[in-house]
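Report on the following structure.
The values are calculated or read from the model by the stated rules, or taken from the named source; none is laboratory data. All figures in this text were calculated on a predicted structure; none of them were measured in a lab. For neighbour counting, all protein chains shown are included, and Cβ atoms are generated from backbone atoms with ideal geometry for every residue, glycine included. These area figures cover heavy atoms from the full protein model, side chains too; ligands, DNA and RNA do not enter into them. Shrake-Rupley method; radii C 1.70, N 1.55, O 1.52, S 1.80 Å.
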Amino acid sequence: MNLQQLKFIRAVTDADLNITRAAASLFTSQPGISKQIGLLEAELGLEIFERSGKHLKSLTPAGKEIVAKAREILDKTSALGAIADEYKDPGKGSLSIATTHTQSRYMLPPVISRFITRYPGVSLHMHQGSPMQISELASRGEADFAIATEALELFDNLVMMPCFRWNRSILVTRDHPLATAVEPTLHEVAEHPIVTYVFGFTGRSKLDQAFHEAEVQPRVVFTATDADVIKTYVRLGLGIGIVASMAWEPGRDSDLVAIDASHLFDWSVTSIGFRQETWLRGYMYDFISLFAPHLSRDIVDRFVAAGTISDREKLASAMDLPHLP
């Protein structure tokens, strides 16, 4: 048994049992992976994967436990490497961040700029996707940090920490009937076609919840994952836009009127998450505090040390989070 074999069974599991895809992710050959998995199964005296002909069908009951233990072992070996790197050169390494377009476009640029200035020897990698994709990347260890508003809570191996609260704005053209409204009601908003986020993105659930509770049926005529795309279609007259307030830029969006909608929708919380097993390097602590200043090294360590998700939720609920304008 060796670490390479453990990496192979983890990669195959993460690739939905597709050996070809797993081989590509590890830059190796499909026959090589199949051979090593066979050798590991022979050594253990049982099958890790159920098969249908030459194809892997599913994990066996024993296989599920073996893959879970393999992940623990690989996580620990990765931590050993991180510890060594931290002592050899604390200012050199890499950092991968998985997040949504809204966070990467509007919240992260100043943070990234300051981080690069402070750590020029650290290479940064940004992955954009849906909240579910982001959470999965972090859960599998393919991203160091996940930054999102939704879906992080679905993965119990992620340490989630709240960063800030934010709400929404209604965007309309200057000649729109709502352009002079101060506090429009949900009924008034629902009288117009709506352009907003795809469900599952950027707190969309809070928007749908508000309409549902008010027993109002909105006319959502166009959805997108990108606030810039939403603004484009508002300008074209397709409808009124409902976006995260952080996505409205007074200078660039001076042709649009932004109406504060915090009286209509509950506040959302953006969180940063990482795997429980992650050994955080010094620059990783610094990145967290640059993004969310209240998350000092001591606070982060308290979240990591918390024994259960419930304990972390108690820590989070006690925090006085900043509210974005």
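Applying both filters, DSSP loop and at most 15 other Cβ atoms within 10 Å, to the chymotrypsin sites (Phe, Trp or Tyr not before Pro) of the stretch 206-275 gives 267. Rounded, prolate or oblate: which fits the stretch 204-325, taking a ≥ b ≥ c as square roots of the Cα gyration tensor eigenvalues, rounded meaning a/c under 1.5, else prolate when a/b beats b/c? Since a/c reaches 1.5 and a/b is larger than b/c, the shape of the stretch 204-325 is classed as prolate. Gain on full extension, evaluated as 0.36 nm per residue between residue 76 and residue 123 minus their Cα-Cα distance, stands at 14.7 nm. Close amide H contacts of residue 197 (hydrogens built in the peptide plane, cut-off under 5 Å, sequence separation of 5 or more or a different chain): 224.
One way to sum up the overall shape of the chain is the equivalent ellipsoid from its Cα gyration tensor, whose semi-axes run 42, 24, 18 Å, largest first. For the stretch 41-158, what does the alpha-carbon gyration tensor say about shape, rounded, prolate or oblate, given a ≥ b ≥ c as the root eigenvalues, a/c under 1.5 as rounded, and a/b over b/c as prolate? Oblate. Scanning the chain for DSSP H helices at least 24 Å long along the axis (C-alpha atoms) with a Kyte-Doolittle mean no lower than 0.0 picks out nothing.
Summary value for the stretch 188-325: 22 percent relative contact order, contacts being C-alpha pairs under 8 angstrom separated by 6+ residues. For residue 243, the amide hydrogen comes within under 5 Å of the amide hydrogens of 169, 171, counting only partners 5 or more places away or on other chains and with H modelled in the peptide plane. Ranked by solvent-accessible area (1.4 Å probe, protein heavy atoms only, all chains present), the residues 315, 280 order from largest to smallest as 315, 280. FRET efficiency for the pair residue 255 and residue 219, taken as 1/(1 + (r/R0)^6) with r the Cβ-Cβ distance and R0 = 22 Å, rounds to 0.40. Multiplying the residue separation of residue 85 and residue 35 by 0.36 nm and subtracting their alpha-carbon distance yields 14.7 nm.
Of the residues 242, 101, 205, the one whose Cα sits farthest towards the positive end of the charge dipole of the chain is 101 (charges of +1 on Lys and Arg Cβ, -1 on Asp and Glu Cβ, taken about the Cα centre). Only helices enter this figure: runs of n ≥ 4 DSSP H residues, each worth -39500 (n - 2.57), summed and divided by the residues of the chain, yield -12500 deg cm²/dmol at 222 nm to the nearest 500. Counting other Cβ atoms within 10 Å, which trypsin sites (Lys or Arg not before Pro) in the stretch 165-205 have at most 11 and lie in a DSSP loop? Answer in residue order: 174. Excluding same-chain neighbours fewer than eight residues apart, the lysines reachable from residue 64 by a Cα-Cα span under 28 Å are 7, 35, 54, 76. Sites listed here are GluC sites (Glu not before Pro) in the stretch 175-215 whose DSSP assignment is loop and whose Cβ has at most 12 other Cβ atoms within 10 Å: 215. Look at the Cα gyration tensor of the stretch 1-87: its axes a ≥ b ≥ c give a/c of at least 1.5 with a/b over b/c, and that counts as prolate.
The residues 314, 88, sorted by heavy-atom accessible surface at 1.4 Å with ligands and nucleic acids left out, run 88, 314 from largest to smallest.
Remark: relative contact order (the chain) = 20 percent; criterion is Cα-Cα distance under 8 angstrom and separation of 6 or more residues. Considering every alpha-carbon pair of the stretch 215-272, the percent of pairs per 5 Å bin, from zero through the bin containing the longest distance, is 4, 14, 26, 26, 19, 9, 2, 0.
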